[in-house]
Amino acid sequence: MRLKQAVRRRILQICHEQNLSIRALGAKCGIRHTTLCNIISGRNNSTTLATIKRICDGLEIELPVFFDSDLFRDLEQEII
């Protein structure tokens, strides 16, 4: 799995756990719905750590909690 796939799956996983829609998450973290949809769909190839931090703020979790998932273990090596 690639990093962007793991990020989007983790966002969806936590939103599901919190019974939160992507639109509601956008309102909570101050990120446009279309931007979140682009991240979730994979159209956004450069999600920054600052954006992930804003998402975590909206989800009311800390960054270590976000990345504490099996999704982030054994990621494919990405050549930039």
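Helical content of the chain, expressed as a calculated mean residue ellipticity at 222 nm, amounts to -17500 deg cm²/dmol (DSSP H runs of 4 or more residues, -39,500 (n - 2.57) each, divided by residue number, nearest 500). Mean-square fluctuations from a GNM of the chain, with a 10 angstrom spring cutoff on Cα atoms, peak among Ile55, Ile14, Ile40 at Ile14. Kirkwood Rh over Cα pairs of the chain into Stokes-Einstein at 20 °C, 1.002 mPa s: D in µm²/s? This corresponds to a translational diffusion coefficient of 169 µm²/s.
No value in this document is a laboratory result; all are computed from the given coordinates. Note that the structure is a prediction, hence the values are computed from the model and not measured.
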